[in-house]
Amino acid sequence: MDIILVPGFWLDASSWSDVTPPLVAAGHRAVPLTMPGLEARDAPRAGIGLRDHINAVVAAVDGADQPVVLVGHSGGGAIIHGAVDARPDRVARAIYVDSGPLGEGGVINDELPADGDDVPLPPWEGFDDADLTDLDDGLRAMFRARAVPEPKGVAYDPQHLHDERRYGVPATVIACEFPSAVVKEWIDAGHPYVAELARIRDVEYVDLPTGHWPQFTRPADLGAAILAAVDRQ
């Protein structure tokens, strides 16, 4: 199958490079994306919003000759959910890596500090300790060296959804920072953060304990978890 991988904020397609080998070895086609405005640090980001990133994923879906699997890390979860909504009949499974679907009217994170059209990678002190689990000094230096500012509109724009057939697309949640038991407790308690996830009819949970960036801290295990979810199709 075509497996389209959408990175989280501040990252490009190369962030998946240590995750995709088992997918390719199993005969799948890995399609990691670099989203608009993330091509380089000096790329123009003015006017780029959440819908532009969703449309980039939809274009990749439309370019495949069969239904695809979408993988979204962090903020990429909201983006792939927008693509699921746009093409519910073309997505075989959505895989949310330490993320989840963003419902109508929600924003990814409008509390991130912006500098004009850019949202730079914040200092590490701006993250919770749980985010940074296993992200050692070497990985932090690597991440910061490759980080590209996120377009402000992607972080701040509200999500707009149109097709409730999205709730019939199977989903996998790979839980890293918070164990899946906690996510299920939030659902049972009616927490608004997981309201959209709660409406998806077929959801499986996979625990991969680490911090918020498993593509760096546990890439082989993340690749295996994605492959297992794909192979259940």
Which percent, nearest 5, of DSSP beta bridges in the chain are antiparallel? 10
Hey, what number do you get for the chain at 222 nm if only DSSP H runs of n ≥ 4 count, each worth -39500 (n - 2.57), divided across all residues, to the nearest 500? -8500 deg cm²/dmol
The long-range amide H neighbours of Thr172, using H built 1.01 Å from N in the peptide plane and a cut-off of under 5 Å, are Ala94, Ile95, Tyr96, Glu204
Order the peptides 41-48, 226-233, 86-93 from the highest to the lowest mean number of other Cβ atoms within 10 Å of their residues. 86-93, 226-233, 41-48
Let me check against my output: what whole-number percent is the relative contact order of segment 96-233, with C-alpha pairs under 8 Å and at least 6 apart? 33
Could you work out what % of the accessible surface of the chain is carbon and sulfur, using a 1.4 angstrom probe and leaving DNA, RNA and ligands out of the count? 50
FRET efficiency estimate (nearest 0.05) - Cβ-Cβ, Glu204 to Asp117, R0 35 angstrom: 0.40
Note to self: with every protein chain in place and a 1.4 Å probe, the chain gives an accessible area per residue in Å² of 42
In segment 106-198, the GluC sites (Glu not before Pro) that sit in a DSSP loop and have at most 11 other Cβ atoms within 10 Å of their own Cβ are Glu111
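Where the only charges are on Cβ atoms (+1 Lys, Arg; -1 Asp, Glu), what is the dipole of the chain about its Cα centre, to the nearest 20 debye?
660
The values are calculated or read from the model by the stated rules, or taken from the named source; none is laboratory data. Being a predicted model, the structure only gives us computed values, none of them experimental. Virtual Cβ from ideal backbone geometry, glycine too; neighbours counted across all protein chains shown. Note: areas computed on protein heavy atoms with side chains; ligands, DNA, RNA excluded. Shrake-Rupley method; radii C 1.70, N 1.55, O 1.52, S 1.80 Å.
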